[in-house]
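The values are calculated or read from the model by the stated rules, or taken from the named source; none is laboratory data. Note that the coordinates shown come from a computational prediction; the quantities given were computed from them, not determined experimentally. Backbone-built Cβ (ideal geometry, glycine too); neighbour counts: all protein chains shown.
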Amino acid sequence: MGTHDDISPERLRADLVHFAGLLLRLEEEGRLLEGTPRIIRMMGDLRSKLFAYEVRGTGRLAPDDPDPAEVRESLRIVEDAARRAREAREEWSEPFQDPDDWSGPGSSDEEV
């Protein structure tokens, strides 16, 4: 469960109005850009709350009756991307070998 899974519409609305008020107050005081660190933190928190509300609270982003074929295709795409990411991580974690120094199968130290 996420931090904001139980957020109510009233609480989310109040947080958004508070944020809007903060932005307006900072602008009126000529300190809008000085408040950037605080604004960024609040935006991150609001983003999490909005996501939790939209996805978990309303379920509007999920289809009512997902098509099994569509779900299977989506899972295949995600699994393929995860497999490629694993392969890339494994490849990137191998130590770098200079191709000029490589002595793989069939190579010899003798000059031809």
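Here are the numbers for this structure:
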read-out	value
Selection count where residues are assigned to a helix (DSSP H, G or I) and touching a helix residue (DSSP H, G or I) at 6+ places or on another chain (Cβ under 6 Å), scope segment 28-45	1
Among (1) touching a helix residue (DSSP H, G or I) at 6+ places or on another chain (Cβ under 8 Å); (2) at pLDDT 80 or above - the single one S74 does not satisfy	(1)
Cβ pairs under 6 Å, 6+ apart, first in segment 28-55 and farther than 13 Å from T3 by Cα, second surrounded by 11 or more Cβ atoms within 10 Å (Cβ to Cβ)	L32/L26; G35/L26; M42/F19
Some residue of segment 49-59 being at pLDDT 90 or above and not in a helix (DSSP H, G or I)	no
Of all residues in segment 82-112 being surrounded by 10 or more Cβ atoms within 10 Å (Cβ to Cβ) and not basic (K, R), the one that is modelled with the lowest pLDDT	Q97
